[in-house]
Amino acid sequence: MNAVVRTAKPSQLIRGATGDWEIVIGLEVHAQVNSEAKLFSGASTTFGNDPNSNVSLVDAAMPGMLPVINVECVRQAVRTGLGLKAAINRRSIFDRKNYFYPDLPQGYQISQYKNPIVGEGRILIDMPDGETIEVGVERLHLEQDAGKSIHDQSPVYSFVDLNRSGVALMEIVSKPDLRSSEEAKAYVSKLRTILRYLGTCDGDMEKGNLRADVNVSVHKPGTPFGTRCEIKNVNSIRFIGQAIEYEARRQIGIVEDGGTIVQETRLFDPGKGETRSMRSKEEAHDYRYFPDPDLLPLEFSQDFVDALAAHLPELPDEKKARFVRDYGVTPYDAMVLTLERASADYFEAVAKGRDAKAAANWVINELFGRLNKEGKGIEASPVSADQLGAIVDLIGDSTISGKIAKDLFEIVWAEGGDPRAIVETRGLKQVTDTGAIEAACDAVIAANPDKVQQAKAKPTMIGWFVGQVMKQTGGKANPQAVNDMLKGKLGIE
Amino acid sequence: MTDLTHLSIADARDQLKAKAFTATELTEAYLAAMEKGRSLGAYVLETPEKARAMAKASDERLARGEGRALEGIPLGVKDLFCTEGVRTTACSRILGNFVPSYESTVTANLWADGAVMLGKLNNDEFAMGSSNETSAFGPVTNPWRRQGDNRSLVPGGSSGGSATAVSAWLCAGATGTDTGGSIRQPAAFTGIVGIKPTYGRCSRWGIVAFASSLDQAGPFARTVRDAAILLKSFASVDPKDTTSADRPVPDYEAAVGRSVKGMVIGIPKEYRVDGMPAEIEALWSQGIAWLKAAGAEIREISLPHTKYALPAYYIVAPAEASSNLARYDGIRYGLRVPGNDIVDTYEKSRAAGFGAEVRRRIMIGTYVLSAGYYDAYYVRAQKVRTLIKRDFELAFEAGVDAVLTPATPSAAFGIGEKSGGDPVEMYLNDIFTVTVNMAGLPGIAVPAGLDSQGLPLGLQLIGRPFDEETLFQVAQVIEDAAGHFSPTPWWG
């Protein structure tokens, strides 16, 4: 997989003083596993509890305590591996990564070094220009999260909250296949979508449940990769993009000024929009990895994997393909509709037994547009799929016009209620009574003899007449009926 | 009435059931003996109130005829076992006055079977040592002395307090842990029985870790039968220790007294090390003769990788220890020496909290795991370990039922005799025992005779994985032939 190194498109290159530069990006995403209990202890993983209330004897590394693997976390890692179309390693090994820090009570993090639970996989990402890119996944391994150090509570002491200590993380490592900040953002976004579909990580970046270490290097196309810098712990997709843009230009600047890039770990400062050095390679820890002697190798059967595979939900790529195939929506619309499982379910509820293209149009343009504007998720939508379906039906059977439908949508959004009942009680029905339409048409023609003359020479003028009639009827006239009648009266073919 | 403390566990158990005396009387006898024996330094904490309360509860059960396997039997606990509400220090300053809120699985098993806790026993700091001289509480004195010589001898280590306490009748039996010989060597030095069970036979949960892949708990007792009785209560599968074995615990006592006729006993030629004292050689030959006389077949075998065991052990054990002891950082419990910043606090706390031998092993372990050295040391040592295991597997596959070796290369030595200079001289004490830990096999030390100075010497039997029954069976034959060895009390 990915034997051929991806090359950037010319538009993705960065123009420097000495020529064009290509950015090479690889990502290590840390995703908190959705599980009731921690990776090696029975303590709760609930977010937001009082400091140090979700801490077992194992998490606090009391003398003589031993880790016991939480099988649910193993299941979640395997599910994720299957979702990434990755090789599942039925034998993997937990290692100790040794370093001292107060939020690491054991003095080592239990992680997987040489033998991870999941091997190579791939993620397809859809770019706005319609291109689909395959990004290689190098591996996925399970590891413990550390606790949290709090430095701003006392002038003298730092405080430690161990609630997070020992919570299971999946570290998902991409190959260095990404060539722009846009691609990197699309990759994290797609990975997040897949994790959320699988239910293996909630993807909540604000809570730190999904965060990324971003590896960036630059080189001239066709030459070997440059020296990379790792930007640690970036916790929003927007920041990932900003960090890459800044870092690439920083590196190009150094090389073009005759300098060399030092391999180091950097931090992104969202306030200043820049990265800064955290520690150099020389200062890097020697983690002294070795297999954890408290834990036997993690082994499971093919049956265990097969049982999880059998109950995997439909994933975004498959769902997207099905939407294109079964509903006839465009690939781009299908991608937008499948970003969230709940949105896709919503769309399907609206589209069922209706004009799917109209349903897609309403879900994407009206509903998503409005939800985005108000910063709401699909779960919090004031308009249910049933309600939106009813609106689509009312347009379909010509009970209301498209324009009225938008007004109706606003009413349902703000006040709720059954759209059909609202149309009845508020008199929003289209006027299809030919007599009423004819009277309105006659009135407009009579009042505008000059325009009538112009329209005979320029048939597109009919639009102006339709608008006037609609105005007179308060938008309730059926526009098609008005159009037809005006054509006859004005003698336009 | 005879001195109750001199009864075997088997006899005390039977007589308690027969109501010849009460558990309280038995416990009081031990508490009195402990007081008289304080100069031996075996106990680092006596828990008389707890002992009396437990004995009283045992008496109530015995009165109702509901006595359990160890009802009313007073035991001592190595200070490596966490005991709920009772200070546990691993005999290190770094744990300070740490009082666990939990009970180790092994000791919980013992109390659940009715045993009475007398107190916590001295050991080498974090079980690192072969003489009990590295303890933060000071050394333990062996109840045995050379004939006509009043100098104090070491009881061996790391479970020196346990060995001395059992040998000097300061408890009926004791818990120990054995990472490279820490049960068998002190048992041999004090003339008692000590067994290191198969790795995984007893839970490690709640025992302060030294080297996780080698540590195993086991009992000390004055007779083979008593050791068998205790091991039955020690052993259990434990969901809290995933390296513990999920297999039934046999009735070990039933194996004691079974004939060894037709059994094959392997004699490994590689254990005939250079410079082995003639007395050890003679003891070994005597053991062979006893087993032959009992009808066993003696077969010379080869365990070719034996000579690599000690160096490989001193890579694997410190490597694991360097990581296991990282949690003692002065942050959450135990000793903290405040520094200017976090690194300074770590350095000051750990420098003050750990003794010289522990510091040495942490440094060795850190070194062998470091980038650039890992493959040359740790990976190679693990390969050696596989080869050592294979040596034994081949012998067992060829029909050997148990392997007979000396337990130690010498009798007990004087306090201070080996602790001053080259640490390797001390490490050589474990030359016959470390292979067993490296292979994860069960090994028992049983007293077999006295040397020319009147000090006890032991033989070691090594068995197939989870075949402790054979070890008790064969050890009983040696015990029957050799007789019991008791020190002449000079203390108190």
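Read-outs: derived from the displayed coordinates by stated rules, not from any lab. This structure is a prediction, so every number in the text was calculated from the model and none was measured. Please note: Cβ atoms are built from the backbone with ideal geometry, for glycine as well, and neighbour counts cover all protein chains shown.
Tabulated data for the structure shown
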| quantity | calculated |
| --- | --- |
| Using alpha-carbon coordinates, inclination of helix A:434-447 to the longest axis of chain A, degrees | 80 |
| Karplus 3J(HN,Hα) series, Hz, for the range A:163-177 with 6.51 cos²θ - 1.76 cosθ + 1.60 (x for Gly, Pro) | 3, 7, 4, x, 5, 6, 10, 9, 9, 10, 9, 8, 6, x, 9 |
| Shape metrics for the range A:434-490, restricted to C-alpha atoms - Rg then Dmax, Å | 10.1, 29 |
| Mean separation of Cα contacts under 8 Å (6+ apart) over length of the range B:276-387, as relative contact order % | 30 |
| Charge dipole of the protein assembly as shown about the Cα centre (unit charges at C-beta), most positive-ward option of B:A398, A:M62, A:G121 | A:G121 |
| Exercise: per-residue mean of other protein chain Cβ atoms within 10 Å, A:283-290 | 5 |
| Burial ordering of A:E247, B:E35, fewest other beta-carbon atoms within 10 Å first | B:E35, A:E247 |
| Sorted peptide list for B:77-83, B:57-63, criterion being average Cβ within 10 angstrom, highest first | B:77-83, B:57-63 |
| 3J(HN,Hα) from dihedral phi, the range B:264-269, Karplus parametrisation 6.51/-1.76/1.60, rounded to Hz, x for glycine, proline | 9, 10, x, 10, x, 5 |
| Mean Kyte hydropathy of -1.0 or more with a Cα span along the axis of at least 24 Å, helices from DSSP in chain B | B:380-397 |
| Computed [θ] at 222 nm, helices only, for chain A once each DSSP H run of length n ≥ 4 contributes -39500 (n - 2.57) | -11000 deg cm²/dmol |
| Helix A:479-490 vs. chain A, principal-axis angle (Cα, 0 to 90°, nearest 10) | 40 |
| Whole-number percent relative contact order across chain B, with pairs defined as alpha carbons under 8 Å at least 6 apart | 18 |
| Projected-area mean, the range A:314-425, by convex hull of Cα positions, square nanometres | 6.6 |
| Which of B:E270, A:E22, A:E283 has the fewest Cβ neighbours within 10 Å, and the rest in rising order | A:E283, B:E270, A:E22 |
| Estimated inter-spin distance, A:K451 and B:K307, nm [label 7 Å along Cα→Cβ] | 11.2 |
| Centre separation in Å (Cα based) which lies between the range A:452-493 and the range B:154-176 | 109 |
| Size of charge dipole - chain A - debye, nearest 20, with Cβ of Lys, Arg +1 and Asp, Glu -1, no other charges | 960 |
| Per-residue mean of C-beta atoms belonging to partner chains within 10 Å, peptide B:328-334 | 5 |
| Angle between chain A longest axis and helix A:71-83 axis [Cα atoms, degrees, rounded to 10] | 50 |
| Length-normalised contact order of chain A in % [C-alpha pairs under 8 Å, at least 6 apart] | 13 |
| Spin-label pair B:K36/A:R276, simplified geometry with 7 Å Cα→Cβ offset, distance in nm | 7.3 |
| For a label point 7 Å along the Cα-to-beta-carbon line of A:D484, residues of the range A:451-466 with backbone N under 17 Å | A:466 |
| Exercise: per-residue mean of other protein chain Cβ atoms within 10 Å, A:96-109 | 4 |
| Under the Debye formula (equal points on every Cα, no solvent term), log10 I(q)/I(0) of the protein assembly as shown at q = 0.04, 0.06, 0.08, 0.10 Å⁻¹ | -0.31, -0.59, -0.86, -1.14 |
| Pairwise centroid distance, computed over Cα atoms, of the range A:344-422 with the range A:218-281, Å | 45 |
| Isotropic mean projected area of the C-alpha convex hull, chain B (nm²) | 22.2 |
